[in-house]
Amino acid sequence: MRSRAAIALACAALLAVAVGACGEDEEEATGAAGASLVNAEAVEGEPLDLNELSYNIQITRFLNPDDAADSEYLVGQPPAAPGTSYLGVFMVIENETSEPRPSATNYVVTDTVGEEYGVAESESPYALEVGAEVPAEGQIPLPNTTAATGPNQGSLLIFVVDDAVSNNRPLRLEIQTFAGDGDVILDI
């Protein structure tokens, strides 16, 4: 009996080591109802594949409320509180499947000291609707929309961050989906 338990324990340990060694950039786990959850990582400008969608950050930059070029990005936003700034993340989400797919349910920017910043609501015509459906064989932003034809050619997420965030780089954008999460290292 003890030898069977020892063999089972040794097999479990070997399996854990084997699974842990697979895929340095992706880690799979099993979620509810056996769904595969993937934790992946990419850098800005490189696509991150999650839940059969591809998330590609076009550019990340601070938005200046006093700059006329940035005014359309900040429509409806109050002046940033002292010690804070607006951070804009522009992205394209592509769906190469033949079925519409829901996009990420949440986005969070994290700095190296563990501060987290959630998405600010936005009235901008460039804004990304969190959780929006990505059309079959299509993308967000939709073609011929303000966001798709704008200078950054991507939909916008706005984060209100502490001014000290520049000292705590690299920043990470966590993309949270119902089927797993992924991180993009932002180039700012």
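The values are calculated or read from the model by the stated rules, or taken from the named source; none is laboratory data. For clarity, every value in this text was computed on a predicted model and none was experimentally measured. Backbone-built Cβ (ideal geometry, glycine too); neighbour counts: all protein chains shown.
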Search result, residues across region 175-188 that are in a strand (DSSP E or B) and closer than 14 Å to residue 51 by Cβ: 175, 176, 177, 180, 181, 182
Hey, residue 114 among the small types (Gly, Ala, Ser), in contact with a Ser or Thr (Cβ under 8 Å, 6 or more places away or on another chain) and surrounded by fewer than 20 Cβ atoms within 10 Å (Cβ to Cβ) or not: no
Residues within region 131-159 that are of a type in the set (Val, Ile, Thr) and surrounded by fewer than 17 Cβ atoms within 10 Å (Cβ to Cβ), tallied: 3
Near pairs, Cβ below 7 angstrom, 6+ apart or cross-chain, from region 76-104 (touching a residue at least 40 places away in the same chain (Cβ under 8 Å) and aliphatic (A, V, I, L, M)) to any residue that is exposed (fewer than 10 other Cβ atoms within 10 Å of the Cβ) and not in a loop (DSSP other than H, G, I, E, B): none
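Sort through 129, 116, 137 and tell me the only one that's of a type in the set (D, E, K, R) and touching a residue at least 40 places away in the same chain (Cβ under 8 Å).
Values: 129 fails: touching a residue at least 40 places away in the same chain (Cβ under 8 Å); 116 fails: touching a residue at least 40 places away in the same chain (Cβ under 8 Å).
Exactly one of 129, 116, 137 is of a type in the set (D, E, K, R) and touching a residue at least 40 places away in the same chain (Cβ under 8 Å), namely 137.
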Any chance residue 166 is closer than 24 Å to residue 64 by Cβ, of a type in the set (S, T, N, Q) and touching a helix residue (DSSP H, G or I) at 6+ places or on another chain (Cβ under 9 Å): no
Of all residues making up region 150-162, the number that are outside any strand (DSSP E or B) and at pLDDT 95 or above: 1
Out of 92, 109, sole residue that is within 17 Å of residue 188 (Cα to Cα), aliphatic (A, V, I, L, M) and at pLDDT 95 or above: 109
Counted residues, region 109-130 - those being under 20 Å from residue 152 (Cβ atoms), under 12 Å from the mean Cα position of the chain (by Cα) and not in a loop (DSSP other than H, G, I, E, B): 2
Residue 185 vs. criteria of a type in the set (A, V, I, L, M, F, W, C), surrounded by 13 or more Cβ atoms within 10 Å (Cβ to Cβ), in contact with a Lys or Arg (Cβ under 9 Å, 6 or more places away or on another chain) and closer than 19 Å to residue 59 by Cβ: yes
Residue count, region 60-86 (criterion: surrounded by 18 or more Cβ atoms within 10 Å (Cβ to Cβ) and either within 17 Å of residue 107 (Cα to Cα) or within 17 Å of the chain's Cα centre (by Cα) (or both)): 2
